[in-house]
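Here's the structure we're looking at; comments come further down.
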Amino acid sequence: MSLSRRFAALLTLAVLTAVPTARGQVPPPPPPNPAAPTLNPVLPLGLQRGTGLELTLTGTNLADPVALWTSIPGAKVTIPTDANNGKEAAKLRVKLDVPKETPLGLYAFRLATARGMSNVRTFCIDDLPQVSAEAAARKKETAQAVPVPSVVVGTATAEQTDYFKINVKAGQRVSVEVLGRRLGSAFDPQLSLIDVRTRRELAYSNDSPGLQSDARLTHTFKEAGDYLIELRDVTFRGGPDFHYRLRIGDFPCATTPIPMAAKRGSKVAVHFAGPNVEGVAPVEVTVPADPTVTAVQVAPKGAGGLYGWPVSLAVSDLDEVVEQEPNNEPAKANRIPVPCGVTGRLEQKGDVDHFVFAAKKGQRYVIDAQTQEYYSPTEVYMVLKDAKGGQVAASNPAAGQRVDFTAGADGDYILSVEHLHYWGGPAESYHLTVAPYEPGFELSIGLDRWDVPQGGTLSIPILAVRRDYTGPIELSVVGHPGISGALTIAAGQPAAPNVPAGQLLVSVKPDVPMGPYVVTVQGKATINGKAVVVGANVATPVRTAMAGLPFPPRQLLDELAIAVTQKPPFTLTAKVDAGEALRGAAATVTVTAVRDAGFTEEIALAPGALPPNVVPALKPIPKGANEVKVTLTPAANAALGSFTFTLVGTSKHQMKDVRSTSAPGALVVALPFDLKAEPLPVKLLPGAKATLKVTATRKGGYAGPITVEVQKLPANVTAAKGTIAMGQTAVDVEITAAANAVAGDKADVSVLGTATAAGNQTAATPNFTVSVGKK
């Protein structure tokens, strides 16, 4: 592909990714519980391992805390009870202690209160001594002196620049790295290194490769003395969500591990790609076998003993190999198995890597490249050729880094991989998956935090995207023995794009303690005789919570946070009075409350999980009453079938808001009737008549008239239209064969019925045969 063609392809890709298309839109996620807590950034954003501190959390609805959940292994979290702590809605003090052996990296915080679960906030565990930015740092003349090494924690102010002064020795090498966007901050940092004496800029950084617009630079100082680090938002924005961590020291600046992925349950020696990683010893990693673990953080350690910020090692289910140089010619191509994962690096400008694998005639194969989603800056271009050198396929930059082909013959195929822009360097790593094409599916959830009372039930809408697989998908909740859930997504569901495939009902046992829990949702299916397990991702809400970060930490993408709250003083059941509900007709639902002794307050009702296109008309259960009648009305386009639904009751108890979700009720959306015709088959001679009895089984309380008409009769055979009268169940229809009717059988005849008093909804009998004999 020529440079001009690559530019055109990239321009097309930019247009496609900048403007969301209707096809790619997804329905808005359900809103979080408005009474649930909301956390501001957890300042000071991190902690040196082996130490402790008292944090003051800020946000909304922070009163009545139950526990602060964190993914930091071995961390001790306590919530002091002195000075009325836990009574204020806007702030909360917590104490955090972290063991010395805690792995470095990015972790998550969530607060559970008596009313719900908070949004996710990130927190760093580092090995550098921590310093807080001071107000004096906002002026160059009063730049804040900070030690080397250290990590400075601060928040950018609009129209302001922060200045930090460091003192170095001649020949000393120092790296400066900003963690901003990668923490979920809105801060887009720009770094400059300035000589205090000459006021000359020695180094500059903005949008360092692989850091999702964060900045990083390394400089070796020729002369000893004082130097300034100048830090600001690239467009001079600022505010409470513009927080940052500024790491300073002589540490490695890795961007990705090598390999970039490792097989689940294996042991691997991890090397590093990126600046200043020369001489860094590999790290032995035992990859977890746990199927819910998707990534492991690995920190590179420099020769001077300082750790660089960890990189993310993806956890794979494939055998993984690493590119072996030299392989810059087809004759030197690395042979790889299929299926497998491959890690490679384009270390020099114009480098081209080659891989060879055996393929079978007629088999479809897919080769995918993972780069930015694995935190590498690389963009690759791939070309596939057969053993004779003829091009078979190539990746299209406007459609992604993928080669999808069907082998035309048995034999070897050679894949070449190069940089889309012909670049190269120590950070230009990539990962490939090479595998036969397999049907599959993806699952996602539009909200990453939920709450449910002890002994209660929670309903979570599940989105499913199928890939040439139409069979059933079995969903379950994994992570805590007291929290369970199950859903079978029926074959062929969802019926339309971006429509929830079903409601996952999550139940909590009554003895599960109040507090925060993190679980995952797994979908299982048997596809072409193989068991396939897929986790449901929450990437969209996590990305939103992290200020639109394109590629959030992989370990957050499938974590579903649930706050188990106190059992409410009432429980609800909801039952449809009639056996079925008709489209366009209101179905009466009886909602029953079982109250604790002494609780008599009014209970307001709101929709919980409802089938698509079903409209509720709700009213409260009056004070002192235990029952109310409400309605659910399936719209004219509501799907037919059996569905579950829930309603949510809210009330006041002991000056607090309480709520309870009803146990799942069954709503059967049906046609107004089923039809049956007899006797079958219909047999008659030319010039003769036969009587067909059409019987209706009425549903959903429909008692109105049903007109019936026989369809697709043989030529010269006719039938009179009939009507099953109001309140009746059958009508006789006379079928007449003309004298010139041709002998023979016609097997696709049916009777169509129309409910004229129910929006002209129709139902037909199964097809049957009409036989015309010979005279």
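The values are calculated or read from the model by the stated rules, or taken from the named source; none is laboratory data. None of these values were measured; they are calculated from a predicted model. Don't worry about glycine lacking a Cβ; one is built from the backbone with ideal geometry, like all the others, and counts go over all protein chains shown. Just so you know, the surface numbers come from the protein's heavy atoms only, side chains and all, with ligands and any DNA or RNA stripped out. Shrake-Rupley method; radii C 1.70, N 1.55, O 1.52, S 1.80 Å.
Quick notes
- Single residue of ILE336, ILE367 found to be modelled with pLDDT of 95 or more, β-branched (Val, Ile, Thr) and over 11 Å from HIS431 (Cα atoms): ILE336
- Residue list for the stretch 134-146, filter: touching a residue at least 12 places away in the same chain (Cβ under 8 Å), more than 41 Å from the chain's Cα centre (by Cα) and open to solvent by 70 Å² or more (accessible area, probe 1.4 Å): LYS139, LYS140, ALA145
- Checking ALA585, ALA609, ALA578, ALA563 one by one, the residue that is out of contact with any His (no Cβ under 6 Å at 6 or more places or on another chain) and either modelled with pLDDT of 95 or more or in a strand (DSSP E or B) (or both) is ALA563 and no other.
- Filtering the stretch 456-489 to residues that are under 17 Å from VAL532 (Cβ atoms) and part of a loop (DSSP other than H, G, I, E, B) leaves ASP468, TYR469, THR470, GLY471, PRO472.
- Any hit, the stretch 407-424, residues being among the β-branched types (Val, Ile, Thr), in contact with a helix residue (DSSP H, G or I) (Cβ under 9 Å, 6 or more places away or on another chain) and open to solvent by less than 30 Å² (accessible area, probe 1.4 Å): no
- Which numbered condition ALA720 fails, given (1) crowded, with 19+ Cβ neighbours inside 10 Å; (2) more than 29 Å from ALA587 (Cβ to Cβ): (1)
- Of the listed requirements (1) under 33 Å from the mean Cα position of the chain (by Cα); (2) open to solvent by 10 Å² or more (accessible area, probe 1.4 Å), LYS683 misses just one: (1).
- Scan of the stretch 396-406 for residues that are open to solvent by less than 30 Å² (accessible area, probe 1.4 Å), in contact with a helix residue (DSSP H, G or I) (Cβ under 8 Å, 6 or more places away or on another chain) and in a strand (DSSP E or B), ordered by number: none
- Scanning the stretch 480-493 turns up no residue that is under 27 Å from THR70 (Cβ atoms), touching a residue at least 60 places away in the same chain (Cβ under 8 Å), polar (S, T, N, Q) and touching a Ser or Thr at 6+ places or on another chain (Cβ under 7 Å).
Matching residues to (1) closer than 21 Å to ILE460 by Cβ; (2) surrounded by fewer than 19 Cβ atoms within 10 Å (Cβ to Cβ); (3) among the small types (Gly, Ala, Ser); (4) in contact with a helix residue (DSSP H, G or I) (Cβ under 6 Å, 6 or more places away or on another chain):
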site: LEU557; (1), (2), (3), (4): yes, no, no, yes
site: PRO568; (1), (2), (3), (4): yes, no, no, no
site: ALA574; (1), (2), (3), (4): yes, no, yes, no
site: ARG583; (1), (2), (3), (4): no, no, no, no
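- Test: residue in the stretch 157-164 that is buried (at least 21 other Cβ atoms within 10 Å of the Cβ), at negative phi, charged (D, E, K, R) and under 33 Å from the mean Cα position of the chain (by Cα): no
- Residues in the stretch 386-395 that are modelled with pLDDT of 95 or more and either basic (Lys, Arg) or surrounded by 13 or more Cβ atoms within 10 Å (Cβ to Cβ) (or both): ASP386, VAL392, ALA393, ALA394, SER395.
- Those residues of the stretch 275-289 which are open to solvent by less than 60 Å² (accessible area, probe 1.4 Å), under 18 Å from LEU318 (Cβ atoms) and not β-branched (Val, Ile, Thr), in sequence order: PRO288
- Pairs, first farther than 27 Å from VAL298 by Cα and open to solvent by less than 10 Å² (accessible area, probe 1.4 Å) in the stretch 84-108, second of a type in the set (A, V, I, L, M) and in a loop (DSSP other than H, G, I, E, B), C-beta under 9 Å, six or more apart: GLY86/LEU62; GLY86/ALA63; GLY86/ILE79; LEU92/LEU62; LEU92/ALA63; LEU92/ILE79; VAL94/ILE79
- Only residues that are out of contact with any Lys or Arg (no Cβ under 9 Å at 6 or more places or on another chain), outside any strand (DSSP E or B) and exposed (fewer than 15 other Cβ atoms within 10 Å of the Cβ) were counted across the stretch 637-677, and they come to 2.
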